[in-house]
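The values are calculated or read from the model by the stated rules, or taken from the named source; none is laboratory data. All figures in this text were calculated on a predicted structure; none of them were measured in a lab. Cβ placement follows ideal geometry from the backbone for every residue including glycine, while neighbour counts extend to all protein chains displayed.
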Amino acid sequence: MSPEADGAPASKQPLHALLARKLNNFDVVTETEVGVLEKAIRGTRSFEANQDMVSADDRPSYSSILVEGWAARSKTLENGARQITAIHVPGDFIDLHSFLLRKMDHSVVALSACRIAAMPHDRLRAISEEQPHLTRLLWLNTLVDAAIHRNWIVAMGRLSAESQMAQLVCELYVRLASVDLARDYEFEFPLTQPVVADVLGLSLVHVNRTLREIRGLKLISWRSRMVKILDWERLVEFAQFDPTYLSLRREPR
Amino acid sequence: MPRFFFNIDSERPDTEGVELADSKKARGEAIRAAGEMLRDIDGHLTAKDWVMVVKDEGGEFVLELRFSVREAAAP
């Protein structure tokens with residue numbers, strides 16, 4: 001297993017840096033708080049693409065901060081059909097909720113080679129008892145996860161496949177750019193079309209046709225794992241994308 | 001895996017295709033995709049039939065799906 005296989009720029013940063021960077025988008029994270037996050041991390045783990053990082057019914061003793069690679073929360077049905085309910089990128093706390101939910105009701109799977117930093121639940125408990133502001137930021141972090149779910153439900157239920165896919169591209173770009181992992185309207189997109197179908201809840205044939213349509217409209221290009229947004233303003237309008245739900249506004253929390 | 005092409009009347013031709021295990025899987029995918037696409041049309045279907053034709057890599061016909069509308073003349 002090679003932790004550097006994913007080649008994410010995150011690899012050169014300390015393990016807590018991206019999470020601190022992410023929380024700092026919500027409100028100023030003090031140096032003391034950054035130090036608390038740093039000290040709460042106990043070790044790392046690496047996963048290969050398609051490996052389960054946390055399995056449904058597990059009772060994890062730590063929560064995982066994604067440091068490198070992309071991961072997904074997913075549920076697989078009895079007939080083998082899979083629905084991905086969230087995509088996680090570096091800096092995300094992929095299972096902060098397992099600290100309080102205890103037993104996992106879904107799996108977290110690596111979409112590309114991944115590395116996580118582990119934060120033991122007893123450290124999270126100490127943070128919740130000693131660091132009220134940092135605790136509120138972690139709480140907000142899970143609220144934003146829920147806001148992303150809400151947005152996906154609306155998109156799945158009421159948007160056309162083209163707009164739904166355009167919205168996914170907008171969201172991922174904004175999320176990656178917010179932790180300095182994307183710029184100039186371009187980002188590495190390590191997903192295959194069948195995975196995108198599981199994200200959007202659409203058939204592979206429809207996803208394939210939707211991609212052709214969006215490319216035909218000169219909104220994005222997607223080749224060899226790189227997505228390039230060709231016209232941000234038009235893509236945003238086409239997707240009906242409003243980033244309010246990502247709460248990327250630094251203000252007192 | 002064999003590649004199948006899903007062409008819809010009145011749209012750009014499918015030159016890319018999708019890899020699927022066999023024609024049975026292609027049939028299932030076609031029907032599901034057709035349902036999703038009709039949903040996205042959102043009532044804007046004209047009197048003309050909506051048609052999807054599935055062909056294999058050799059250009060051989062696999063399946064045709066046709067959805068037609070018949071309605072009462074406007075009063």
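Which numbered condition trips up A:Pro243, out of (1) within 14 Å of another protein chain (Cβ to nearest Cβ); (2) in contact (Cβ under 8 Å) with a residue 60 or more places away in the chain? With respect to (1) within 14 Å of another protein chain (Cβ to nearest Cβ); (2) in contact (Cβ under 8 Å) with a residue 60 or more places away in the chain, A:Pro243 is out only on (1). One residue alone among A:Leu248, A:Leu235 is outside any loop (DSSP other than H, G, I, E, B) and either in contact (Cβ under 8 Å) with a residue 40 or more places away in the chain or farther than 21 Å from A:Arg150 by Cβ (or both), and that residue is A:Leu235.
Just one of the listed residues (B:Arg12, B:Arg3) is surrounded by 11 or more Cβ atoms within 10 Å (Cβ to Cβ), within 10 Å of another protein chain (Cβ to nearest Cβ) and either closer than 18 Å to A:Asn208 by Cα or modelled with pLDDT of 95 or more (or both), and it is B:Arg12. Chain B holds strands (runs of 3 or more DSSP E) entirely within its bounds, and those carrying 1 or more residues that are closer than 27 Å to A:Gly157 by Cβ and in contact (Cβ under 8 Å) with a residue 40 or more places away in the chain map to B:3-8, B:50-56.
One line per residue, one yes/no per condition, for (1) assigned to a helix (DSSP H, G or I); (2) modelled with pLDDT of 95 or more; (3) over 19 Å from A:Leu19 (Cα atoms):
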residue	(1), (2), (3)
A:Arg115	no, yes, no
A:Met119	no, yes, no
A:Glu129	yes, yes, yes
A:Arg136	yes, yes, no
A:Leu143	yes, yes, no
A:Arg150	yes, yes, yes
A:Ile153	yes, yes, yes
A:Leu172	yes, yes, no
A:Ala177	yes, yes, no
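Would you confirm, using the coordinates I've provided, whether A:Ala197 is surrounded by fewer than 19 Cβ atoms within 10 Å (Cβ to Cβ) and either in a helix (DSSP H, G or I) or not acidic (Asp, Glu) (or both)? No; evaluated as a whole, the condition is false for this residue. Is there a residue being within 14 Å of chain B (Cβ to nearest Cβ), out of contact with any Ser or Thr (no Cβ under 6 Å at 6 or more places or on another chain), on the phi > 0 side of the Ramachandran plot and loosely packed, with under 15 Cβ neighbours inside 10 Å anywhere in the range A:205-219? Yes, that holds for at least one residue.
Of the residues making up the range A:131-152, just one is more than 12 Å from A:Ser247 (Cβ to Cβ), among the aliphatic types (A, V, I, L, M) and over 16 Å from the mean Cα position of the chain (by Cα), namely A:Leu134. If you filter the range A:135-158 down to residues that are surrounded by fewer than 18 Cβ atoms within 10 Å (Cβ to Cβ) and within 14 Å of another protein chain (Cβ to nearest Cβ), you find that the one that is nearest to A:Thr85 (Cα to Cα) is A:Met156. With respect to A:His121, determine if the residue is in contact with a helix residue (DSSP H, G or I) (Cβ under 7 Å, 6 or more places away or on another chain), surrounded by 14 or more Cβ atoms within 10 Å (Cβ to Cβ) and either under 26 Å from A:Arg249 (Cβ atoms) or not assigned by TED's automatic domain parsing to the domain that holds A:Asp180 (or both). When the stated conditions are applied, A:His121 passes them.
Does the range A:161-176 hold any residues that are closer than 20 Å to A:Gly91 by Cβ and crowded, with 16+ Cβ neighbours inside 10 Å, and which are they? If the condition is that a residue be closer than 20 Å to A:Gly91 by Cβ and crowded, with 16+ Cβ neighbours inside 10 Å, then A:Leu168, A:Val169, A:Cys170, A:Glu171, A:Leu172, A:Tyr173, A:Arg175, A:Leu176 are the ones that fit.
Evaluated against (1) more than 25 Å from A:Ala126 (Cα to Cα); (2) in contact (Cβ under 8 Å) with a residue 40 or more places away in the chain, A:Arg73 falls short on exactly one condition, (2).
Residues in the range A:175-191 that are more than 21 Å from A:Leu217 (Cα to Cα) and not acidic (Asp, Glu): A:Arg175, A:Leu176, A:Ala177, A:Ser178, A:Val179, A:Leu181, A:Ala182, A:Arg183, A:Pro190, A:Leu191. Filter the range B:28-43 for residues that are within 11 Å of chain A (Cβ to nearest Cβ) and not aliphatic (A, V, I, L, M); which is surrounded by the fewest Cβ atoms within 10 Å (Cβ to Cβ)? It comes out as B:Asp42. Selection of the range B:1-11 for residues being among the charged types (D, E, K, R) and within 18 Å of B:Thr46 (Cβ to Cβ) yields B:Asp9, B:Glu11. Screening B:Val62 against (1) within 12 Å of chain A (Cβ to nearest Cβ); (2) in contact with a helix residue (DSSP H, G or I) (Cβ under 8 Å, 6 or more places away or on another chain); (3) of a type in the set (Val, Ile, Thr) leaves a single unmet condition, (1).
Note on the range A:177-188: residues that are crowded, with 20+ Cβ neighbours inside 10 Å and either outside the structural domain of A:Glu233 (by TED's automatic domain parsing) or aromatic (Phe, Trp, Tyr) (or both) total 1.
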